[in-house]
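Chemist: Let me begin by handing over the structure; questions about it come next.
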Amino acid sequence: MLIFQTGENINMRKLSTPIIGLQLILLGIFFLPFNSWEGISFLGEYYRDSCFLFFISAFIILLFKKKINIPYKNLIFQLLLFFISWAFIATLLNFHNVSEYYFKQTSGAFRFINQFGSLIIAAVILPITFYNGFKSFNIERLLILVRKSILISLLIVFLYSIIEVLIVKFDVLWLKKSVLNLFDYFPFTDARTDMRLNRISSVSFEPPALGTYLISIAGWMISYIITEEKRSKYIPSLIILFLGFVSGSRAAFFAILIQFFVAALILLRKTQSKKNIYKIILITFFSSAVVLGTYNKQIFDYVKQEISSFKLNDSTHALSNKSRFGIQQAMFKVFLENPFSGTGYGQQAFESWKKYPNWAKNNNWEFRLKYLNQNDKRFPPGYNLYLRILSETGIIGMLIFGLLLLQIFLWCFNNLKNKRKIYSFIILVSMIGFSLNWLKMDSFRIYFFWICLALIFVIENSKKLSNE
């Protein structure tokens with residue numbers, strides 16, 4: 001059993017439940033990227049997420065408390081509840097259509113129950129669990145614990161990725177049986193490689209999942225540059241950049257680069273950091289100049305290939321690009337036909353499947369075998385959270401969600417100069433990543449987003465207690 005020093009005179013017997021809850025949350029954070037296993041089917045869209053098992057266990061432990069604290073006075077939490085309420089109301093306004101929907105052996109009503117339940121878990125149960133798990137502990141100590149859990153997990157992810165790169169990129173095939181397969185003994189992990197597309201996913205089930213994980217933790221790892229003195233403080237950030245690059249997840253790597261750019265701008269505001277930042281920029285510039293001069297043709301060909309990868313006629317990415325852009329176009333058409341309240345929460349696929357453009361469906365096995373295959377019960381992904389919100393909850397839902405994101409960004413900017421500025425920095429860099437990542441995925445199942453919200457609730461609560 002770990003013992004946490006909170007720096008406060010607290011009755012440890014009363015805190016036994018919060019301590020267990022925090023330990024489970026930290027375990028969940030550690031295991032967050034480990035989702036390449038088969039999963040537990042009855043958990044629905046959470047079936048692969050090993051971290052969810054620890055987070056929901058923490059929530060169950062929390063239920064044994066006599067009192068569950070809810071940050072109902074916090075404006076961000078109020079906007080969150082407002083959005084959830086509107087998602088429910090928007091569905092009621094579309095009740096007639098919802099009752100008649102049927103697609104992929106699923107009724108509209110069942111789809112709503114499934115999706116709305118998933119929203120309640122992500123947007124209510126998880127942040128309240130994190131809030132109650134965090135609020136009893138010293139905020140500075142909490143930073144160390146959370147960040148250390150992430151770092152240890154990242155190092156394992158990095159080790160696996162190095163072995164995977166050697167196998168996939170350099171054909172060191174003997175490593176697969178002798179070394180990589182040892183990860184099969186690691187919890188929630190099925191060791192495997194993608195020899196067909198030569199992409200890296202590490203302990204995650206696919207490269208985009210690895211990319212989402214890297215986006216989620218980038219702010220936490222970059223923060224080492226601010227709080228630590230040793231030169232090793234740059235290593236976590238370099239690992240993030242390396243893994244983002246080799247993963248092959250183009251959109252994720254772009255988001256990570258934007259996160260690092262924003263972080264650099266913030267760090268340049270600190271006088272003591274400017275010298276180090278300028279050194280890094282100069283070293284990077286001259287190193288890049290040397291590499292570019294030596295390998296200019298190879299680099300030009302690589303950049304050209306990456307730009308071409310977003311086109312619909314790219315040999316490697318054509319199918320995924322056609323599917324992604326085609327589904328997004330169909331969702332936007334659904335929104336134009338239902339601008340006020342959308343189709344109802346979780347209902348867009350019942351309308352958008354009729355609007356998939358022919359250029360996306362032609363010669364595309366993904367539509368034939370997955371998205372339009374009535375024998376495959378899995379619903380097609382929306383590939384864009386903002387378009388999903390527009391198509392399912394209308395312009396009203398998008399305005400509420402936009403206000404929620406705006407309020408989070410305002411909180412970050414307003415707190416960058418106070419004593420909790422390290423958290424503001426982490427949350428701001430993370431929010432940049434989340435906002436960009438939602439341009440390519442339509443899920444609220446971004447655990448670090450809810451962790452960031454819980455930390456905001458904890459910090460605001462501590463301010464209130466200090467003022468009192």
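Chemist: Consider the stretch 347-387. How many of its residues are open to solvent by less than 20 Å² (accessible area, probe 1.4 Å) and free of Cβ contacts under 8 Å to residues at least 60 places away in the same chain?
Modeler: The qualifying residues number 11.
Chemist: Find all pairs meeting these conditions: Cβ atoms under 8 angstrom apart; at least six residues apart or on different chains; first residue within the stretch 170-190 and within 29 Å of Ile29 (Cβ to Cβ); second residue part of a helix (DSSP H, G or I) and open to solvent by 60 Å² or more (accessible area, probe 1.4 Å).
Modeler: Going by the 8 Å Cβ cut-off, the qualifying pairs are Leu175/Leu166; Asp190/Asp184.
Chemist: Further question: So if I check each of Leu390, Leu399, Leu369, Leu428, which one is more than 30 Å from Asn138 (Cα to Cα) and either in contact with a Gly (Cβ under 8 Å, 6 or more places away or on another chain) or not in a helix (DSSP H, G or I) (or both)?
Modeler: Leu390
Chemist: Hey, does the stretch 440-462 have a residue that's modelled with pLDDT under 95, surrounded by fewer than 16 Cβ atoms within 10 Å (Cβ to Cβ) and over 30 Å from Glu206 (Cα atoms)?
Modeler: Yes, because at least one residue in the stretch 440-462 is modelled with pLDDT under 95, surrounded by fewer than 16 Cβ atoms within 10 Å (Cβ to Cβ) and over 30 Å from Glu206 (Cα atoms).
Chemist: Which residue is farthest from the chain's Cα centre (by Cα), if the candidates are limited to the stretch 12-56 and must be at pLDDT below 95 and of a type in the set (Gly, Ala, Ser)?
Modeler: Selected residue: Ser16.
Chemist: Give all pairs with beta carbons closer than 9 Å in which a residue from the stretch 75-99 that is closer than 14 Å to Gln115 by Cα meets a residue that is of a type in the set (Asp, Glu); count only pairs at least 6 apart in sequence or on separate chains.
Modeler: Filtered contacts from the stretch 75-99: Ala87/Glu392; Ala90/Glu392; Thr91/Glu392.
Chemist: Taking the condition at pLDDT below 95 and open to solvent by less than 10 Å² (accessible area, probe 1.4 Å), does Asn418 pass?
Modeler: Criteria not met by Asn418.
Chemist: Ok, one more. Do we have any residue at all in the stretch 139-154 that's on the phi > 0 side of the Ramachandran plot and under 22 Å from the mean Cα position of the chain (by Cα)?
Modeler: Taking every residue of the stretch 139-154 in turn, none turns out to be on the phi > 0 side of the Ramachandran plot and under 22 Å from the mean Cα position of the chain (by Cα).
Chemist: Can you give me the number of residues within the stretch 57-100 that are in contact with a Lys or Arg (Cβ under 7 Å, 6 or more places away or on another chain) and modelled with pLDDT of 95 or more? Steps first, answer last, please.
Modeler: Taking the stretch 57-100 first, the residues in contact with a Lys or Arg (Cβ under 7 Å, 6 or more places away or on another chain) are 69.
Next cut, modelled with pLDDT of 95 or more only: none.
Number satisfying all stated conditions: 0.
Chemist: Could you tell me whether Ser202 is among the small types (Gly, Ala, Ser) and open to solvent by 40 Å² or more (accessible area, probe 1.4 Å)?
Modeler: Values: among the small types (Gly, Ala, Ser): yes; open to solvent by 40 Å² or more (accessible area, probe 1.4 Å): no.
Criteria not met by Ser202.
Chemist: Can you tell me which residue is most open to solvent (accessible area, probe 1.4 Å) among those in the stretch 222-265 that are over 29 Å from Thr193 (Cβ atoms) and charged (D, E, K, R)?
Modeler: The residue in question is Arg231.
Chemist: Sticking with this one: Pull up the stretch 244-257, narrow it to residues that are more than 15 Å from the chain's Cα centre (by Cα) and not basic (Lys, Arg), then point me to the one that is farthest from Trp438 (Cα to Cα).
Modeler: Val246
Chemist: Suppose the filter is in a loop (DSSP other than H, G, I, E, B) and in contact with a helix residue (DSSP H, G or I) (Cβ under 6 Å, 6 or more places away or on another chain); does Gly248 pass it?
Modeler: Yes.
Chemist: Next question, about the same structure. Can you go through Leu143, Leu173, Leu155 and tell me which one is surrounded by fewer than 18 Cβ atoms within 10 Å (Cβ to Cβ) and closer than 23 Å to Thr212 by Cβ?
Modeler: Going through Leu143, Leu173, Leu155 in turn, just one is surrounded by fewer than 18 Cβ atoms within 10 Å (Cβ to Cβ) and closer than 23 Å to Thr212 by Cβ: Leu155.
Chemist: Condition first: polar (S, T, N, Q) and more than 30 Å from Asn338 (Cβ to Cβ). Can you find one or more residues in the stretch 368-385 that meet it?
Modeler: No, the conditions are met nowhere in the stretch 368-385.
The values are calculated or read from the model by the stated rules, or taken from the named source; none is laboratory data. These numbers were taken from a predicted model, which means no experiment stands behind them. So basically every Cβ, Gly included, is an ideal-geometry build from the backbone, and we count neighbours across all protein chains shown. In case anyone asks, the SASA skips ligands and DNA or RNA and just uses the protein heavy atoms, side chains included. Shrake-Rupley method; radii C 1.70, N 1.55, O 1.52, S 1.80 Å.
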